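Below: the structure, in structure tokens.
The values are calculated or read from the model by the stated rules, or taken from the named source; none is laboratory data. Given the structure is predicted, the values throughout are model-derived calculations rather than measurements. Note: ideal-geometry Cβ built from the backbone for every residue, glycine included; neighbour counts use all protein chains shown.
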């Protein structure tokens, strides 16, 4: 359904994103994972046509048989509402604080569908029920500040799916929420995507969240897709050094007796930090933070290889079967 | 030895709540004991009262009922007789360093604030430089402004600032939730190192059970202002004593990496 080829996003002299291939099949859920500054958000934004004004996009993003790169803004805006839904990160900022929730959803319907007034009202109620807001009618009249963060995110999901898009793009949709609320939202996204056969591009810096939602995961560093495979594969058998470092650094709650064993133990860290735009080294972009880097990593960018079912860009991958 | 901090029967509600006719307590009959050089994790979701609770323990807001004792004396007594000394010994680090550091001040000015306010003296550049080095930052950052630093660097500055006045207790209110996973790990390791090195008593407020599971040997689970579970972390989290703690542990497991590729269960 969505097919990205040789996507390049440039800001000034810097190539922020360089992705050779990324596909999302109809109804498939694909996650993009990486730290802040890795390029995952701008990749997602570029697909939705929401990249910053100074960004220049080249290459190809095909949605069905239409090319999104170079499409007129008015046409892109229409597609964005009607066929590609977007769930933003911070619900408090994404909703208009001065407008009742019902009107905001109705607005999304008026802009992106041909429904008449009566139908818009009925559909608004239906959407509120679909995103599991109990007593939907009472939500119509509320203002954003009168509902919780989790409920606000449900309203935004209702707006994103209002016109029945076939692809949803979610950019860190749960980072502002508590864990139990987060999981309810994740569950809702999974249910809606399954029920309506909606594809999903899910962006997050939390690998655990992404793997719980997505069929496949792409790991991004320095704007490059460094590893791509099934969720299970990426999490249980990471091959790229960056993926395995991300897994190591994730705070995990040990279970049962392991809890006592891990108490007071330091977390493993990824040394250094993501460099600012234009600050990545030549060759492998991760090499200055990688314990396995060699001469080769400094001289040539790693080429893509097939590592037992997943795609990998690393000159010195973690040995297969070696747990992270 | 008497505990460093002891709270008995703490009750608190915000005046605005009472005006709206909301009679419920934000903090409702909380007991708490904190030993010297121990680390206590306070977990709970938004609105559970965990941030309010530590503000009461630090004397930033006063409980309506109950008593807080610090180092053998009541908090009211401390605030009346040695307010500055009490503040110096009880320092807080907040969640979002971009909001807790003044954007118009250099790192040096921000770092020196507690010394100026609580010790009533001018900070010496060398002590500020040493403070930065202790948290793994270069003294060259002293002349920088917050917008020139990354989130992780800013949180280190906030920690360094709290430590300039040699606190006995460091309260950390969600210190890593505004940070990236990899930076979180670095900041948490730093807190562990500083605690061990300085013999700090640490109170860690977080919604992240994994963080408590590594750092805090004791934990207190707060729900709507009430302590629903408390004790040794290895007991409370491995064998939750009530349904709420269990739900939190379960929620963490659903997005855990240990489960491999198991998708989040639908319809629960």
Problem set entry | Hits in the stretch A:227-257 (condition: free of Cβ contacts under 8 Å to residues at least 60 places away in the same chain and not in a helix (DSSP H, G or I)) | A:250, A:251, A:252, A:253, A:254, A:255, A:256, A:257
For this session: Could you grab the pairs with beta carbons closer than 8 Å, sequence gap of 6+ or different chains, first residue in the stretch B:248-262 and more than 7 Å from chain A (Cβ to nearest Cβ), second one assigned to a loop (DSSP other than H, G, I, E, B) and surrounded by fewer than 17 Cβ atoms within 10 Å (Cβ to Cβ)?
Result: B:253/A:255
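Residue by residue, here is whether (1) part of a helix (DSSP H, G or I); (2) under 28 Å from residue B:182 (Cβ atoms); (3) touching a residue at least 24 places away in the same chain (Cβ under 8 Å) holds:
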| position | (1), (2), (3) |
| --- | --- |
| B:109 | yes, no, no |
| B:116 | yes, no, no |
| B:122 | no, no, no |
| B:129 | yes, yes, no |
| B:156 | yes, yes, yes |
| B:165 | no, no, yes |
Problem set entry | residue B:124 being modelled with pLDDT of 95 or more and touching a strand residue (DSSP E or B) at 6+ places or on another chain (Cβ under 6 Å) | no
Problem set entry | Filter result for residue A:283 (without any contact (Cβ under 8 Å) to a residue 12 or more places away in the chain, part of a loop (DSSP other than H, G, I, E, B) and on the phi > 0 side of the Ramachandran plot) | no
For this session: For residues that are in contact with a helix residue (DSSP H, G or I) (Cβ under 6 Å, 6 or more places away or on another chain) and modelled with pLDDT of 95 or more, tally how many sit in the stretch B:94-109.
Result: 3
Problem set entry | Checklist (1) over 19 Å from the mean Cα position of the chain (by Cα); (2) more than 14 Å from every other protein chain (Cβ to nearest Cβ) applied to residue B:163, failing item | (1)
For this session: Take residue A:126 and decide whether it is within 13 Å of chain B (Cβ to nearest Cβ), modelled with pLDDT of 90 or more and surrounded by fewer than 21 Cβ atoms within 10 Å (Cβ to Cβ).
Result: no
Exercise. Quick one: how many residues across the stretch A:286-324 are assigned to a helix (DSSP H, G or I) and surrounded by 15 or more Cβ atoms within 10 Å (Cβ to Cβ)?
Worked result: 4
Exercise. If only one of A:276, A:281 is surrounded by fewer than 18 Cβ atoms within 10 Å (Cβ to Cβ), in contact with a helix residue (DSSP H, G or I) (Cβ under 8 Å, 6 or more places away or on another chain) and under 23 Å from residue A:10 (Cβ atoms), which one is it?
Worked result: A:281
Problem set entry | Residue that is nearest to residue A:79 (Cα to Cα) [pool: residues in the stretch A:8-20 that are touching a residue at least 60 places away in the same chain (Cβ under 8 Å) and in contact with a strand residue (DSSP E or B) (Cβ under 8 Å, 6 or more places away or on another chain)] | A:9
Exercise. So residue A:212 fits all but one of (1) crowded, with 23+ Cβ neighbours inside 10 Å; (2) in contact with a strand residue (DSSP E or B) (Cβ under 7 Å, 6 or more places away or on another chain); what number is the exception?
Worked result: (2)
Exercise. Can you tell me which of A:168, A:186, A:177 is crowded, with 20+ Cβ neighbours inside 10 Å, part of a helix (DSSP H, G or I) and touching a residue at least 12 places away in the same chain (Cβ under 8 Å)?
Worked result: A:186
For this session: Specify which of the listed residues (B:102, B:31) is within 21 Å of the chain's Cα centre (by Cα), touching a residue at least 40 places away in the same chain (Cβ under 8 Å) and assigned to a strand (DSSP E or B).
Result: B:31
Exercise. Among the residues of the stretch B:96-111, how many are surrounded by 20 or more Cβ atoms within 10 Å (Cβ to Cβ) and closer than 25 Å to residue B:51 by Cα?
Worked result: 4
For this session: Within the stretch A:242-263, track down each residue that is over 18 Å from residue B:260 (Cβ atoms), more than 7 Å from chain B (Cβ to nearest Cβ) and touching a helix residue (DSSP H, G or I) at 6+ places or on another chain (Cβ under 9 Å).
Result: A:242, A:245, A:257
For this session: Just need a number here: residues in the stretch A:118-133 that are over 22 Å from residue A:166 (Cα atoms) and out of contact with any helix residue (DSSP H, G or I) (no Cβ under 9 Å at 6 or more places or on another chain).
Result: 1
Problem set entry | the stretch B:59-68, residues that are in contact (Cβ under 8 Å) with a residue 60 or more places away in the chain and either out of contact with any helix residue (DSSP H, G or I) (no Cβ under 8 Å at 6 or more places or on another chain) or surrounded by fewer than 19 Cβ atoms within 10 Å (Cβ to Cβ) (or both) | B:67
Exercise. What's the number of the condition residue B:42 fails, among (1) within 28 Å of residue A:151 (Cβ to Cβ); (2) outside any strand (DSSP E or B); (3) at pLDDT 95 or above?
Worked result: (2)
Exercise. Under the condition of being over 19 Å from the mean Cα position of the chain (by Cα) and more than 10 Å from every other protein chain (Cβ to nearest Cβ), which residue from the stretch B:195-247 is surrounded by the fewest Cβ atoms within 10 Å (Cβ to Cβ)?
Worked result: B:243
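Among A:219, A:210, which is the only one that is more than 8 Å from chain B (Cβ to nearest Cβ) and part of a strand (DSSP E or B)?
A:219
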Exercise. Being without any contact (Cβ under 8 Å) to a residue 24 or more places away in the chain and either within 11 Å of another protein chain (Cβ to nearest Cβ) or on the phi < 0 side of the Ramachandran plot (or both), is that true of even one residue in the stretch A:193-207?
Worked result: yes
For this session: Kindly list, by first and then second residue, each pair from a residue in the stretch A:49-76 that is in contact (Cβ under 8 Å) with a residue 12 or more places away in the chain to a residue that is assigned to a loop (DSSP other than H, G, I, E, B), limited to pairs with Cβ atoms under 6 Å and residues at least 6 apart or on different chains.
Result: A:57/A:69; A:60/A:69; A:61/A:68; A:61/A:69; A:76/A:49
